[in-house]
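Below is one structure; the comments refer to it alone.
Read-outs: derived from the displayed coordinates by stated rules, not from any lab. As the structure is a prediction and not an experimental result, all values here were calculated from the model. Note: ideal-geometry Cβ built from the backbone for every residue, glycine included; neighbour counts use all protein chains shown.
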Amino acid sequence: MSQGFSIELYFDPALENQVLKAWNVLARRQISTQLIEIESRPHITLFSAPFLDPPKLESVLKSFASKQGPLPLSFSSIGTFPNDKNVLFLAPVPTMSLLQFQAQLCEAIKKEGIEIGEEFRVDSWIPYCAVAQEVPKVRIAEAFCVLIELKLPVSGYAMDIGLVELPPVRECFSFELGNAVEA
């Protein structure tokens, strides 16, 4: 049973491997394995909603992706949110190009009559790449110490945009940024 949909920004292979390295170290230390278990892929969530019509969004995302180019990213800090989900993440430098990319995507979605939730609005969206979820509170400090060993910043490019249904993670479709050819 679907609990929602998410539009995700995917990385170049080298950057994706850096994030996977963090996931694997945390899994080996038995701090967090959830992202691996749900078969997620390293990403930044650009938008999510409980109900979406994938065929309707496919043409919107395809058109949007074709007008974009690879987006430079640099994850320079580690963070967590003040809630009960105990998510640890890598935070990208919030460049104007990243913020505009997400804002333009939301505008394109809005034109299709899809409401943009508060957390994805221009002045509220916080870009992040989850590296651990549901970390036991007593192990959060240890997890931070593990992540500090990553030698930040890690940099690369966002190369693809895709729609996933979750849970479990199931990619509906994805498109390469700047590629007007059928994906």
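Tabulated values for the structure
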item	result
Angle between the chain longest axis and helix 54-66 axis [Cα atoms, degrees, rounded to 10]	90 degrees
Equivalent ellipsoid semi-axes - Cα gyration tensor, the range 20-90, angstrom	28, 17, 13
Order by protection proxy (mean Cβ within 10 Å, highest first), peptides 158-164, 122-128	158-164, 122-128
Cα centroid separation, the range 3-43 to the range 55-75 (Å)	20 Å
Under-5 Å amide H pairs with Tyr157, H placed in peptide plane, nonlocal only	Asp12, Leu15, Leu73
Cα gyration tensor category, rounded, prolate or oblate, for the range 48-121 with a/c compared to 1.5	oblate
Listed residues Phe144, Met96, Ser63: farthest to the positive end of the dipole of the range 41-183 (Cβ charges)	Phe144
Loop trypsin sites (Lys or Arg not before Pro), the range 71-160 (other Cβ atoms within 10 Å of the site Cβ: 13 or fewer; DSSP)	Lys85, Lys111, Arg121, Lys151
Cβ-Cβ FRET estimate between Ser97 and Phe173, R0 fixed at 41 Å, reported to 0.05	0.95
Full-extension gain in nm, Ala49 to Ser66, via 0.36 nm per residue minus C-alpha separation	3.8 nm
Helical contribution to [θ] at 222 nm, DSSP H n ≥ 4, -39,500 (n - 2.57), averaged over the chain, rounded to 500	-9500 deg cm²/dmol
The range 1-94: GluC sites (Glu not before Pro) in DSSP loop, at most 16 other beta carbons within 10 Å	Glu39
Extended-chain gain in nm, criterion 0.36 nm per residue less alpha-carbon gap, Lys56 and Phe81	5.8 nm
Dipole of the chain, positive end: most advanced residue of Gly156, Val25, Gly4 [Cβ charges, Cα centre]	Val25
Binned Cα-Cα distance frequencies in the range 58-98 - 10 Å width, integer %	23, 31, 31, 15
Over the chain, relative contact order from alpha-carbon pairs under 8 Å, at least 6 apart, %	39 percent
Within a Gaussian network of the chain (alpha carbon springs, distance under 10 Å), most fluctuating of Leu150, Leu61, Leu26	Leu150
If the convex hull is drawn through the Cα atoms of the range 1-141, its volume per residue in Å³	129 Å³
Net dipole in debye of the range 85-183 [+1 Lys, Arg Cβ; -1 Asp, Glu Cβ; about Cα centre; nearest 20]	360 debye
Cross-link pairs Lys21/Lys137; Lys21/Lys111; Lys85/Lys111 - those with Cα-Cα distance over 29 Å	Lys21/Lys111; Lys85/Lys111
